[in-house]
1. Under a plain spin-label model, where a point goes 7 Å from the Cα along Cα-to-Cβ, how far apart in nm are residue 107 and residue 133?
2. Please give the contour-minus-distance gain from residue 29 to residue 142: 0.36 nm per residue of separation, less the Cα-Cα distance, rounded to one decimal in nm.
3. Return a whole-number percent for the relative contact order of segment 20-141, with Cα pairs under 8 Å and 6 or more residues apart as the contact set.
4. Using only the alpha-carbon atoms, what does segment 20-99 span along each of its principal axes? Please give whole angstrom values in decreasing order.
5. Please give the length that would be gained between residue 86 and residue 49 if that part of the chain were fully extended, namely 0.36 nm times their separation in residues minus their C-alpha to C-alpha distance (nm, one decimal).
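Quick note: the coordinates plus some simple rules give every number you see, no bench work behind them. These numbers come from a predicted model, not from an experiment. Here the Cβ positions follow ideal geometry from the backbone for every residue, glycine too, while neighbour counts run over all protein chains shown.
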């Protein structure tokens, strides 16, 4: 009985000193619009629901022929850094205008927005942790080298 109590006490103590992670999510209306050379990304709200300040945050938007997967994300079409968030902090009505890196071939693509945080493992090595993934479905993206969609 004493051993069981001691094991439970150790587990509780170790669990209470484990570092808390931020819990960052995008909420509300999310959308995007493209022009020949830029993309505007609209995010109604990004909130840190965690008890710790976030690390560096970034937003990445991908275009892929198949549904987005972390091991095969597709082409990176837009990228933006985002400021750290304090516990409970949220940013509202975010509008980002970024350069658009179009795919090299005209086709239908699944467009996906990823919210990531830079975190460190136990050995101090940095990596990007995915917090949120939003898929917008398919959109027709074309190479901007010529007049679209007409051939002159």
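1. Going from the residue 107 label point to the residue 133 one covers 2.0 nm.
2. Extending this stretch completely gives an extra 38.1 nm.
3. Answer for segment 20-141 is 28 percent.
4. The Cα atoms of segment 20-99 stretch 39, 29, 20 Å along their principal axes.
5. Stretched out fully, the residue 86 to residue 49 stretch lengthens by 12.4 nm.
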